[in-house]
Amino acid sequence: MNYHYSTPKEEPSTLANGRLHLKVCGMKHNTTEIASLQPDYLGFIFYDKSERNFKGELTPVPHKIKKVGVFVNAGIQTVLQRIEDYNLLLVQLHGNESPEYCNELKSKAKQIQIIKVFSVKDAFDFAVLEPYESVCDFFLFDTKGKLPGGNGYAFDWSVLKNYPSNKPYFLSGGIGLEDIDNIKEFTQRPEAKYCHAIDVNSKFEIKPGLKNTADVKAFKELLNKIHIQ
């Protein structure tokens with residue numbers, strides 16, 4: 001059953017500017033190199049069980065590249081501390097965080113945008129999005145797997161044909177250079193209207209947290225050639 005609703009505040013079409021944004025997630029080792037390619041977002045994972053868990057000092061990143069902190073069921077105070085430590089502009093919630101959790105985080109870090117992640121396999125109940133509409137700025141759809149992200153394989157994007165919201169979303173899950181044609185095809189579908197960004201990670205790695213700069217550069221150049229009608 002399709003669940004249709006509208007957000008309290010109309011979000012602009014994120015394809016209105018004619019291009020998809022790029023987020024490179026799971027940064028750990030060569031942040032400066034990847035930042036030099038000027039992706040729109042860089043993601044840093046703060047989750048002890050991840051091979052890409054980020055600790056220590058972060059090399060300077062141009063402010064126009066938005067730093068995203070990725071968390072999995074972390075305490076509010078932990079998230080707030082990481083926001084302060086690393087000057088994060090967005091928080092990506094990859095666990096079972098409730099709408100109440102998101103609302104509390106919003107109230108305590110008003111400058112932060114929240115990305116709430118939902119895992120997709122063969123089907124998805126879009127009704128679960130409704131309680132998050134007013135407390136999140138973006139949704140992110142990833143492949144349901146053993147780990148909360150970085151599993152290296154994609155879900156069937158056609159599931160999104162039933163997307164009932166106008167909330168901008170990130171498309172994630174095992175996306176690599178070989179998917180450029182699929183992305184181009186996807187952007188011609190109605191469900192791509194609110195696709196804000198492509199999120200890449202494991203398919204661009206030499207090892208966990210170390211990105212292949214040449215591959216990211218090539219992907220970004222190809223992505224920039226996809227013009228949204």
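The values are calculated or read from the model by the stated rules, or taken from the named source; none is laboratory data. Everything numeric here is computed off the predicted structure, so don't read it as measured data. Quick reminder, even Gly has a Cβ in these numbers, built from the backbone with ideal geometry, and neighbours come from all protein chains shown. These accessible areas exclude ligands, DNA and RNA; they are computed on the full protein's heavy atoms, side chains included. Shrake-Rupley method; radii C 1.70, N 1.55, O 1.52, S 1.80 Å.
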Within the range 24-81, track down each residue that is under 18 Å from the mean Cα position of the chain (by Cα), free of Cβ contacts under 8 Å to residues at least 40 places away in the same chain and outside any loop (DSSP other than H, G, I, E, B).
T31, A35, L42, N53, K66, K67, G69, F71, V79
Could you check, for the range 107-120, whether at least one of its residues is more than 23 Å from H21 (Cα to Cα) and either touching a Phe, Trp or Tyr at 6+ places or on another chain (Cβ under 7 Å) or open to solvent by less than 10 Å² (accessible area, probe 1.4 Å) (or both)?
yes
Being of a type outside the set (D, E), touching a helix residue (DSSP H, G or I) at 6+ places or on another chain (Cβ under 7 Å) and over 22 Å from Y41 (Cα atoms) is the requirement here; does P131 meet it?
yes
A careful count of residues in the range 83-106 that are of a type outside the set (F, W, Y), open to solvent by 10 Å² or more (accessible area, probe 1.4 Å), within 16 Å of G43 (Cα to Cα) and out of contact with any Pro (no Cβ under 8 Å at 6 or more places or on another chain) gives 5
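For the range 82-95, which residues satisfy the criterion of being in a loop (DSSP other than H, G, I, E, B) and over 23 Å from H29 (Cβ atoms)?
G95
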For the range 175-194, does any single residue satisfy the condition of being closer than 16 Å to D142 by Cα, of a type in the set (D, E) and in contact (Cβ under 8 Å) with a residue 40 or more places away in the chain?
no
Identify, by number, the condition in (1) outside any strand (DSSP E or B); (2) farther than 20 Å from L42 by Cβ that S119 doesn't meet.
(1)
Residues that are touching a Ser or Thr at 6+ places or on another chain (Cβ under 9 Å) and either at pLDDT 95 or above or of a type in the set (A, V, I, L, M) (or both): does the range 8-18 have at least one?
yes
Unique match (being without any contact (Cβ under 8 Å) to a residue 60 or more places away in the chain, in contact with a helix residue (DSSP H, G or I) (Cβ under 9 Å, 6 or more places away or on another chain) and among the basic types (K, R)) among K225, K167, K211
K225
